[in-house]
Amino acid sequence: MENNNNTNQQPVGNIQPTPVPPEIPSLPGRKFSFEFLKQLNPKQKKLTIIGGGVFLTSVVLLLVAAAVGRGGEVKISPRPTPPAQSFAPADPSFNPSPYTDDPEVLAIESKVGEFEQSVSNASARLQELRTPALDWDVSF
Amino acid sequence: MLLVGSVYAGRALASAVDDLVGTKFRYDVAHSEYLLARSQFRQAGTLVSRAKAQTQAREMLEARDAVVVAYLRAVRERLDSAVGVPETARAGFNERLRLEISWFEDNASKLPSAGSLEDLVASSDGAAEHFFSFTEPLVFEILGSISIGVSTDFRMKLTDILGSVKTKTAEIRANGDHETTNIERWTVEVENKITRSLDRELEAQSLALSLSSPKTKNKANVYASVVDRSEDSLSLLREGSGFLREIVRTMRVSEQ
């Protein structure tokens, strides 16, 4: 009986036990772990993984959408551009004549441009008005 | 004002073509039912099947006349929006179209009074003869004139631009400050293209005239030739506009 009691008593004498720091329980949420997956059955595990995948994809899509949205709002300050010229303004071999900016020549050029565009789209074939196919041979 | 007229004409044509499509659909349904009733009458030969065949034939013939009327109205709208067709020719075509529309509307109104299958067959034969003798040639004449008119309109526009080019070239030559030899050469090329385009147009007009002749048998082929000539004429005008572009470039660039 005495021996049994002694086993539960604190050690006495000169020997000082090394102080053991108290064990601090890990706080939930501080360190992410996939340990909880082990507690799930295969079906729950699969559903959890799929759900996580969908969530992550949604987040990525939202981030991309936000980035694109911001991109659309970017305003570029307008740069002054030289007036449009009809042909080869940067061509080093371009040698202007006395009539390069002549209003009448420019008017002719404009008319020629309009004519070319309209004549290239024109057709003499009237596809929309073909004679409808009808049965003219009625007999019994 | 011209633009508003053009937009209105475009809408009127689209509406007429839509009406034609709907009318043709109703005809196709009536025609299918007529074929079925005729087949049943030929097999059974009973009074009931005969009455059914007569009803379906009458409905099909009414629908056929309606298609012709809708088609002629669409052609009339297309003619209204056409360019390059002389006003006298346009007025004549419109009057003839009015008469054709009236003929088929009148024919459709007489169909309910047909008392037998034989009456319906006779009515159908009469309508067919009228269509191929008067209506179809008229339509080919009108469509041919519209095709030629497209070429005529562009040729006149190109001639007008060439007139401006010639005036400016004369001014440049008089000033003596810019070489005009190449400009004059290209001008002659454009004139040649316009002349050849006019030749094609005259050929098309000559063929179109033969469309109104009863001696011309295959009018569809003749009409196709009219369209081909008009297309050739347009192609030459397109080539001419390429030379005009070269003329403008030559005016604006110094060769020295």
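Please treat every number below as a calculation from the coordinates, not as lab data. What you are looking at is a predicted structure, and each value in this text was computed from that prediction instead of being measured. With ideal geometry, Cβ positions are generated from the backbone for all residues, glycine too; neighbour counts draw on all protein chains shown.
Express in whole angstrom the spacing between the alpha-carbon centres of the stretch B:228-256 and the stretch B:92-143.
What the calculation gives is 47 Å, centre to centre.
At 222 nm, what value in deg cm²/dmol follows for chain B if DSSP H runs of at least 4 each add -39500 (n - 2.57) and the sum is divided by all its residues, to the nearest 500?
Rounded to the nearest 500, it is -31000 deg cm²/dmol.
In cubic angstrom, how much convex hull volume per residue do the alpha carbon atoms of chain B span?
So the per-residue hull volume is 155 Å³.
Residue-wise, which Karplus ³J(HN,Hα) couplings in Hz belong to the stretch A:98-105, taking 6.51 cos²θ - 1.76 cosθ + 1.60, θ = phi - 60°, and x for glycine or proline?
With coefficients 6.51, -1.76 and 1.60, one gets x, 10, 4, 10, 5, x, 5, 5 Hz.
Suppose R0 equals 25 Å. What FRET efficiency, 1/(1 + (r/R0)^6) with r the Cβ-Cβ distance, do A:S123 and B:K217 give to the nearest 0.05?
FRET efficiency, A:S123 to B:K217: 0.35.
Length gain on complete extension for the stretch B:M156 to B:S81, per 0.36 nm per residue less the alpha carbon to alpha carbon distance? Mind showing how you got there, number by number?
Working: separation 75, 0.36 × 75 = 27.00 nm, distance 1.77 nm.
Full extension from B:M156 to B:S81 adds 25.2 nm.
Beyond 23 Å, how much of the Cα-Cα pair distribution for the stretch B:83-192 remains, as a whole percent? The partial results should precede the final answer.
Numbers: 3492 of 5995 pairs.
Of the Cα pairs, 58 percent sit more than 23 Å apart.
Could you please report the charge total around B:S49, scoring K, R as +1 and D, E as -1 over all other residues with beta-carbon less than 10 angstrom from its beta-carbon?
Values: positive: B:R38, B:R42, B:R50, B:K52; negative: none.
Result for the neighbourhood of B:S49: +4.
Provide A:E109, B:E246 in ascending order of the number of other Cβ atoms located within 10 Å of each residue's Cβ, fewest first.
With the fewest neighbours first, A:E109, B:E246 line up as B:E246, A:E109.
Starting from the 7 Å offset along Cα-to-Cβ, what nm value, one decimal, do you get for the label separation of B:R11 and A:V54?
Here the answer is 5.0 nm between the modelled labels.
For a quick check: sort B:E203, A:E114, B:E77 by the number of other beta carbons within 10 angstrom, fewest at the front.
The order, fewest Cβ neighbours first, is A:E114, B:E203, B:E77.
How do B:H130, B:H178 rank when sorted from fewest to most other Cβ atoms within 10 Å of their own Cβ?
Lowest count first: B:H130, B:H178.
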